[in-house]
Structure formats: structure tokens, C-alpha cells
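The values are calculated or read from the model by the stated rules, or taken from the named source; none is laboratory data. As the structure is a prediction and not an experimental result, all values here were calculated from the model. Backbone-built Cβ (ideal geometry, glycine too); neighbour counts: all protein chains shown.
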Amino acid sequence: MARQFVAGALFRKVGKTGACYKKLKQESLLSSADIYNEKLTALLQYSFSKVPYYQKVMRECGIDGIDQINAESIKKLPLLTKDIIRANHAALSSSELETIKHNSNTSGGSTGHPVTFLQDDEFNVSTRAVKIIMDDSVGYSVGEKKLLLWGSERDLFHGKEPWNVRLMKSIKNEYWFNSFMMDNKKYIECIDWIRSNSPRMILAYVESIYELSRVVNKAKQKLDNVSVIMTTAGTLTDGVLKEITDAFPNATIVNRYGSREVGDIACFEPSIGKMVVSHMTQFVEVLDEHGNHVGVGETGEVVVTNLVNRVMPLIRYRIGDMARYGGVIDGKVVLDTVVGRTSDIFVNEKKQKIHGEYFTHLFYDLLWVNKFQVVQESVNHINIKIVSESENPIESDIDSIKEKIRLVMGKQTDISFDFVEEISPTASGKYRYTISKVT
């Protein structure tokens, strides 16, 4: 109770996060249309005034001044891709860059295209606030006991986390198991911890909670002391959902959808029965192959405009995912489900299961890599395909990749590199950036 009180005060009532939480919480009660009329107009007007790339694009679309811009103007703009961001990085940055507190971030994305982008302090604060609001929607309050089955590179590469990070986890009442390194022994340890500690919520990668659920169901000892399981970084297929439901019969299972580039986009709300878009911070379009918005129940490409970030606005950004559009319910834009975002589980010689997300992280900051795909051909063989404009890849990066892969896959792992001109997509049109051929 003490932790819940302190955490609630820190994240809901005081400081930048508290102020942002209260503001966005109020906006979440408004209709998507009302929010978009105001915030889309403001974003587009700012981008025309302060971002060279958008001023050029808007003029090419027939927009010659701020007074001609409203929320509907966004439909005139072309889609934004990772290639465009890489080629126009400086022009996509605000002319106020030097006066805006910001940081850089990098993502491999769903298609394996590394891209670096800038995010300002307002974006970071709103991202924290939205997570709390999404937790609210499923009945979890910050400070209640939470287990995270989550990937932590720091544990593998750098040892323990800094004291301030550990202190914040303690205040928030969070307990972590590193999903980048889970074997049967670790899963059993995690299951025992859940059974003894009864966390209110489990936050986990889809594949990680699926693998843990398989261990639970195989032992035929269900875990009925968890209220909410929130999954992310994957698709809750019927088979995966059934496995998790069987293992956690009393838990409400929800999926949260987001990305590094734009933050959290949508979260399943049990009261509505669909994924509700965070319309306070995101404008989401689901488009067909001709660029037209699909109808209710139809599947299309997800295109996202973040409404907060000003240091590098991402307008009509092709995030690389597909979703089934759910229409508007109670004034809120909803998605039936997100499809096509997969991350395979790799298995090493010790039968430890390594989340595919681990391998994508190895390429985030390598500017000479345009595109990559990591394929586990056999238990001891990893093949890496790379598309690069550079004829001379950085050998130290290659050595680092090998070292970090062998750290989790085993010292005897054979790692081969193929430098190719293109990596073919799957039949669905999606690139799979990790593929395991090992059962």
C-alpha cells in the first residue's frame, strides 16, 4: 500500500509526468474527432513553419501558408518511410532543434530497416503517461505488484543496472525476469515466483508469456493468482491466446501495441472488446494498397502520425504493420487486431529459448546496415543477411555481433554473413527480421 501511494503520487499527481497524465486522461474522454481537429491542425502548422522537409512537401501539395492548413490537410501529404527519414534526416528535424530538449532513438522496426530519429522531452513524458492510462483501462494501478517478462540487454552486457533504476523499479513494485535468456529452469523459477507473490499484472513479450504458459500447462498446475496479463511485441493469435488463457484462467489478457518511433499506439480495452487507439497522442490510418482508408472489418497497412513530438515530427509514417480496422466506438477509433508482427523464438544447444527481439537490438545503431534478417538454420548455425550500401562493413561491428550472439547461443555457434542486394518479403508482404527453423 505504501509503494502504491508513493508511486501514485510520483506518476499521477506531481511533476511533468503527473501533469501530462491528468491532461491526457481528460482528453481520453473526448472524441477522437475533437482531438484530431485541434492537435492535427497544430502539428501540421508547426511542421509547415519549422520543419524544412514538410514545408517543401506541403508546398508541392498546394499548401502555401499556415492559414490553408487544417486537420483534413493531412490527407494531401505523401506517406513517410524509413528510407525517406534516412535520406532527409536533417530536413525532417525542427529548425528549433538547438532549443528543444531531445534525445535520439533507433529502431529496426518490423521490417528490419534500421532508422534513427529524434524525440523531444514532451514525447517522452507523454509516452510514460499513456502507459499509465493504458494500465488504468485494464484495472491496474501504478505501484501494485507487477512482473515484467522483458528483455534486458544491460544484464547481459553491462552487469547490474544503476542504483536509480533499481530504486525506481522498487518504488513502482516491479520485478523482472530477462526474456532474452530463459530456459526451462528459469521458467520454473519464474512460475514459482508468480505462485508465491501473486502479481496484479504481468507485462510480457507475446512469445515469452506463451512459452511460460506452455511450461505451466505441461505441468498441469494453473496459475490462478494473476489479474491482468498485458502482452506486447507480437500478435495474440487464437492458439497463443488459448495457451495463455489455459495457464492463467483468472487473468484478463490484453495486447498493447506500439513502437519505438511513435510510442504506444493502442491497447485492448475489455469494456469495449477491441484495441482502442491512444487518440490523445496518435492519429492512426489503416490504408489499402491504393492509399485509401479501409472499411470496418477490413485489413490494411497501419500509418501513424504522432501528435506530440515536435523535434522530428513523423507524419503519416509507414510503421510496417498490418491491422484490421474496427471503426469508431463511443467516439474512439479502434482496431480489431494487429497482424503480421512476429518475432521467432531461437533455441540454443542448452535448449534455452532466446526471444527474437534480442537479435534485432544488435543492429539498431549500425548505420551501414540498411536491412537485415537473422535466420537460425540449425541449433548451431545462425545466418545473417545484410543489405548495405557500404562495400566495407565495419569489422569491429561484425565481431561484436558474433560475440553477442555466441553469448546467448553458445560459443560453438557458427555465424555466417550474406551480403545481398535484397531480402524477399513473406507472402503477406511483411519482412521477417528473425526466423528460426529450429522447433
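Scanning the stretch 359-412 for residues that are among the charged types (D, E, K, R), within 17 Å of ASN348 (Cα to Cα) and in a helix (DSSP H, G or I) returns LYS402, GLU403, LYS404, ARG406. Among GLU301, GLU285, GLU207, GLU289, which is charged (D, E, K, R) and in a loop (DSSP other than H, G, I, E, B)? Among GLU301, GLU285, GLU207, GLU289, only GLU289 is charged (D, E, K, R) and in a loop (DSSP other than H, G, I, E, B).
Yes/no per residue for (1) in contact with an Asp or Glu (Cβ under 9 Å, 6 or more places away or on another chain); (2) surrounded by fewer than 18 Cβ atoms within 10 Å (Cβ to Cβ); (3) closer than 30 Å to ASP330 by Cβ; (4) of a type in the set (D, E, K, R):
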{"site": "SER31", "(1), (2), (3), (4)": "yes, yes, yes, no"}
{"site": "LEU44", "(1), (2), (3), (4)": "no, no, yes, no"}
{"site": "GLN55", "(1), (2), (3), (4)": "no, yes, no, no"}
{"site": "ALA71", "(1), (2), (3), (4)": "yes, no, yes, no"}
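None of VAL303, VAL294, VAL308, VAL286 is of a type in the set (A, V, I, L, M), under 24 Å from GLN26 (Cα atoms) and at pLDDT 95 or above except VAL308. Just one residue in the set ASP67, ASP135, ASP83 is over 21 Å from LEU203 (Cβ atoms) and assigned by TED's automatic domain parsing to the domain that holds PHE48; that residue is ASP67. Give me the residue from the stretch 268-282 that is of a type in the set (Val, Ile, Thr) and not in a strand (DSSP E or B) and, out of that set, farthest from ALA129 (Cα to Cα). Residue satisfying both the conditions and the ranking: ILE272. Of the residues making up the stretch 50-94, those that are part of a loop (DSSP other than H, G, I, E, B), under 19 Å from THR116 (Cβ atoms) and touching a helix residue (DSSP H, G or I) at 6+ places or on another chain (Cβ under 9 Å) are ASN88, ALA90, ALA91, LEU92, SER93, SER94. Within the stretch 167-186, residues that are within 25 Å of LEU407 (Cβ to Cβ) reach partners that are among the hydroxyl-bearing types (Ser, Thr, Tyr) and assigned to a strand (DSSP E or B) with beta carbons closer than 7 Å, at six or more positions or on different chains, in the pairs SER179/TYR205. Inspection of the stretch 349-357 finds a residue satisfying the criterion of being modelled with pLDDT under 90, assigned to a helix (DSSP H, G or I) and within 23 Å of ALA204 (Cα to Cα). Taking the stretch 312-331 as the range and being over 20 Å from the mean Cα position of the chain (by Cα) and surrounded by fewer than 22 Cβ atoms within 10 Å (Cβ to Cβ) as the test, the residues that pass are GLY327, VAL328, ILE329, ASP330, GLY331. Of all residues in the stretch 252-267, none satisfies being out of contact with any Phe, Trp or Tyr (no Cβ under 9 Å at 6 or more places or on another chain) and either charged (D, E, K, R) or part of a loop (DSSP other than H, G, I, E, B) (or both).
Checked against the criterion of being outside the structural domain of LEU212 (by TED's automatic domain parsing), at pLDDT 85 or above and among the small types (Gly, Ala, Ser), the stretch 412-430 contains one or more residues that satisfy it. Count of the stretch 145-173 residues, restricted to those that are modelled with pLDDT under 80 and among the aliphatic types (A, V, I, L, M), is 5. The conditions of being touching a helix residue (DSSP H, G or I) at 6+ places or on another chain (Cβ under 8 Å), surrounded by fewer than 22 Cβ atoms within 10 Å (Cβ to Cβ) and at pLDDT 95 or above are not met by ILE229.
ILE253 satisfies every condition listed in (1) among the hydrophobic types (A, V, I, L, M, F, W, C); (2) at pLDDT 95 or above; (3) more than 22 Å from LEU149 (Cβ to Cβ); (4) surrounded by fewer than 23 Cβ atoms within 10 Å (Cβ to Cβ) except (3).
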